[in-house]
Amino acid sequence: MEIRELEEKDYRGLCSLVLQVYDEVPYATSFGKRPDERQLSELMQRKLEGMRSKTVVDFVAVEGDRVVADCEIVKSTETGGLIGILVAGDHRRKGLGRRLVEKCSEKAKLFKMLEVYAEIDDRNEGAAEFFSRCGFREQEGEDALVMIRNI
Ligand SMILES: CC(C)(COP(=O)(O)OP(=O)(O)OC[C@H]1O[C@@H](n2cnc3c(N)ncnc32)[C@H](O)[C@@H]1OP(=O)(O)O)[C@@H](O)C(=O)NCCC(=O)NCCS
């Protein structure tokens, strides 16, 4: 298993991962409906361009040509970033998600992000527990579940 930054060649593997997780837990993704090729291509371009302009951090875990996990932090305020993470079903509960959060956070710090936050659907109790275990705390006064951590 290799953990490294996202590259152009990961496109197909990333598409498979996003669709697999969408089919399983649609509310864990940012898509309101199953993403089509155009939306997936836009997602990839947004990530790669953001990485070049230092507003996106993105690490993947790769096994052969299969992308088994992806974690991004997108700079969304002067000092803050929004985190998104997907781990393939057969690779969960092995510490991979936590490793990717740490890897992305280290790099986000270099991009002048001081805190990272997660927006979590109310139904996604597993993700809330995961972020809590990674040191995130629930933010007061939000309608949706927002959890935040200093980096
Ligand atoms: C949430 C997610 C990223 C966690 O990834 P993971 O690689 O399984 O997480 P880790 O193995 O690093 O878990 C670290 C700790 O978090 C907690 N945790 C992780 N998943 C959990 C779950 N489903 N339920 C309860 N606790 C959980 C556990 O305490 C775990 O440690 P343990 O396995 O020793 O008990 C993964 O389940 C996933 O991709 N889910 C679908 C997409 C999603 O919900 N993304 C978040 C959107 S906001």
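The values are calculated or read from the model by the stated rules, or taken from the named source; none is laboratory data. This is a predicted model, so every value here is computed, not measured. Glycine also receives a Cβ, built like all others from the backbone with ideal geometry; neighbour counts cover every protein chain displayed. All accessible areas refer to the heavy atoms of the entire protein, side chains included, with ligands and DNA or RNA removed. Shrake-Rupley method; radii C 1.70, N 1.55, O 1.52, S 1.80 Å.
Here is a list: Gly81, Gly64. Which entry is in contact with a Ser or Thr (Cβ under 9 Å, 6 or more places away or on another chain) and not charged (D, E, K, R)? Working first, answer last.
Numbers: Gly64 fails: in contact with a Ser or Thr (Cβ under 9 Å, 6 or more places away or on another chain).
From the options Gly81, Gly64, the qualifying one is Gly81.
Could we say that Met44 is away from the ligand (no atom under 15 Å from the Cβ), open to solvent by less than 30 Å² (accessible area, probe 1.4 Å) and in a helix (DSSP H, G or I) here?
yes
Please pick out the residue among Ser16, Ser30 that is of a type in the set (S, T, N, Q), touching a residue at least 12 places away in the same chain (Cβ under 8 Å) and part of a loop (DSSP other than H, G, I, E, B). First the steps, then the outcome.
Working: Ser16 fails: part of a loop (DSSP other than H, G, I, E, B).
Checking each option against the conditions leaves just Ser30.
Are any residues in region 122-148 under 19 Å from Glu102 (Cβ atoms) and buried (at least 17 other Cβ atoms within 10 Å of the Cβ), and if so, which ones?
Once the filter is applied, which keeps residues that are under 19 Å from Glu102 (Cβ atoms) and buried (at least 17 other Cβ atoms within 10 Å of the Cβ), region 122-148 yields Ala127, Ala128, Phe130, Phe131, Cys134, Phe136, Met147, Ile148.
In region 65-78, which residues are within 20 Å of Asn150 (Cα to Cα) and part of a strand (DSSP E or B)?
Step one: list which residues in region 65-78 are within 20 Å of Asn150 (Cα to Cα), which gives 71-78.
Cys71, Glu72, Ile73, Val74, Lys75, listed by residue number.
With respect to Asn124, determine if the residue is within 7 Å of the ligand (Cβ to nearest atom) and among the polar types (S, T, N, Q).
Working: within 7 Å of the ligand (Cβ to nearest atom): yes; among the polar types (S, T, N, Q): yes.
Taking the combined requirement at face value, the residue satisfies it.
Conditions first: (1) touching a residue at least 40 places away in the same chain (Cβ under 8 Å); (2) within 16 Å of the ligand (Cβ to nearest atom); (3) open to solvent by 70 Å² or more (accessible area, probe 1.4 Å). Lys54 passes all but one, so which condition is the exception?
Lys54 satisfies every listed condition except (2).
Being in a helix (DSSP H, G or I), open to solvent by less than 40 Å² (accessible area, probe 1.4 Å) and within 15 Å of the ligand (Cβ to nearest atom) is true for just one of Gly97, Gly81. Which residue is that?
Values: Gly81 fails: in a helix (DSSP H, G or I).
Being in a helix (DSSP H, G or I), open to solvent by less than 40 Å² (accessible area, probe 1.4 Å) and within 15 Å of the ligand (Cβ to nearest atom) holds for just one of Gly97, Gly81, which is Gly97.
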